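Everything below concerns the one structure shown next.
The values are calculated or read from the model by the stated rules, or taken from the named source; none is laboratory data. From a predicted model like this one, the values you see are computed outputs, not experimental measurements. So basically every Cβ, Gly included, is an ideal-geometry build from the backbone, and we count neighbours across all protein chains shown.
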Amino acid sequence: MSEINNLTIPEIATIEEIKDEIVEVKTFYLKFDARPNGEPPAIKSGQFVMCTVFGAGEFAVSLPPSPQKDRFHLTVRRVGKVTNALHELKVGDKVGIRGPFGNGFPFEEIKGKNIIYVAGGIGLIPLRSSIMHVMQNKDKFGRILLFLGARTPKELMYEYNLKEWKTAPGFETHITIDNPVPGWDGEVGFVHTMLKKKNIPVKDTVAFVCGPPMMFNAVIKELTELGIGEENIISTLERHMKCGIGKCQHCAIGRTLVCTDGPVYTFRQIKTLGEQI
């Protein structure tokens, strides 16, 4: 398929596997029907695609790089008509994919720096691809830390990855839940409260933050009070997108279009846009 057609005409992909993650969240493993060996296009961590569920509609979803060259995957929470229709599909069913679109995470610009990831609940979904990239290139970065919070242990995303990351050399994993529950022997408390307790690096440090608004704002407050500059705090704007290519203006925030200028922004840029998150 040509570059031009890829902007507006979906490519057909077949669902090969479906994994239940947490309640209302599934990962769909797909393979393009018409591409040689099903191999997806080259993508940058942080980009997104438009996914069509035939008969229901289209929605934007982050597209993480996959370690398997012949297929790709999408992790999707059931939140509305189209994502609900996707969750009802079975192995062998087909969807349409347009993209990838967006700017992606700025890995070249942050080489040599320490990296802190702070995620709340399903906020780990868009950050996971960045974590995977950095884990595969650890020699190019400084300290790498993950702070993950969830309401309960059952709401911790990617449990299989968390087990791997906990024992990975050069990767510091800190996990907390909001309130104590029987059988949980880890940290308890909101995720932002761990940042000052764990003596995080501040100099030459970049922070990736993603989660619900209340958590996001609390984390930003902690990071800036510790001395991490607004230009070194990175997030994604999960604005509802309709076309993905800047034509419909649905994702416009002031003078920027999230689908073409984003979805990755620094917190300084977000403040300039006046976006309330």
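Here's the yes/no breakdown for (1) closer than 21 Å to Thr224 by Cα; (2) more than 20 Å from the chain's Cα centre (by Cα); (3) not assigned by TED's automatic domain parsing to the domain that holds Ile43; (4) not β-branched (Val, Ile, Thr):
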site: Ser129; (1), (2), (3), (4): no, no, yes, yes
site: Phe147; (1), (2), (3), (4): yes, no, yes, yes
site: Asp178; (1), (2), (3), (4): no, yes, yes, yes
site: Gly183; (1), (2), (3), (4): no, yes, yes, yes
site: Gly186; (1), (2), (3), (4): no, yes, yes, yes
site: Val209; (1), (2), (3), (4): yes, no, yes, no
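The set of residues from the range 195-211 being in a loop (DSSP other than H, G, I, E, B) and within 27 Å of Glu58 (Cα to Cα) comprises just one member, Gly211. Among the conditions (1) surrounded by 20 or more Cβ atoms within 10 Å (Cβ to Cβ); (2) not in a loop (DSSP other than H, G, I, E, B), the only one that Ala85 does not satisfy is (1).
Screening Gly123 with (1) in a helix (DSSP H, G or I); (2) under 16 Å from the mean Cα position of the chain (by Cα); (3) more than 29 Å from Asn217 (Cβ to Cβ) gives one miss only, at (3). Among the residues making up the range 161-176, those that are under 21 Å from the mean Cα position of the chain (by Cα) and either charged (D, E, K, R) or in a loop (DSSP other than H, G, I, E, B) (or both) are Lys163, Glu164, Lys166, Ala168, Phe171, Glu172. Filtering the range 17-32 to residues that are modelled with pLDDT under 95 and either on the phi > 0 side of the Ramachandran plot or of a type in the set (D, E, K, R) (or both) leaves only Lys31.
Do we have any residue at all in the range 93-115 that's among the acidic types (Asp, Glu) and touching a residue at least 60 places away in the same chain (Cβ under 8 Å)? Yes: the range 93-115 contains one or more residues that are among the acidic types (Asp, Glu) and touching a residue at least 60 places away in the same chain (Cβ under 8 Å). When restricted to residues that are at negative phi, surrounded by 21 or more Cβ atoms within 10 Å (Cβ to Cβ) and assigned to a loop (DSSP other than H, G, I, E, B), the range 212-261 contains 3.
Look at Gly142 and say whether it is under 30 Å from Ala42 (Cβ atoms), surrounded by 16 or more Cβ atoms within 10 Å (Cβ to Cβ), in the same structural domain as Phe32 (by TED's automatic domain parsing) and not polar (S, T, N, Q). Spelling it out, it is not the case that Gly142 is under 30 Å from Ala42 (Cβ atoms), surrounded by 16 or more Cβ atoms within 10 Å (Cβ to Cβ), in the same structural domain as Phe32 (by TED's automatic domain parsing) and not polar (S, T, N, Q). Checking Glu231, Glu164 one by one, the residue that is of a type outside the set (A, V, I, L, M, F, W, C) and touching a Lys or Arg at 6+ places or on another chain (Cβ under 7 Å) is Glu231 and no other. Residues in the range 100-120 that are crowded, with 20+ Cβ neighbours inside 10 Å and in a helix (DSSP H, G or I): Ile110 alone.
If only residues of the range 145-166 that are within 19 Å of Asn114 (Cα to Cα) and of a type outside the set (Phe, Trp, Tyr) are counted, the one that is surrounded by the fewest Cβ atoms within 10 Å (Cβ to Cβ) is Lys166.
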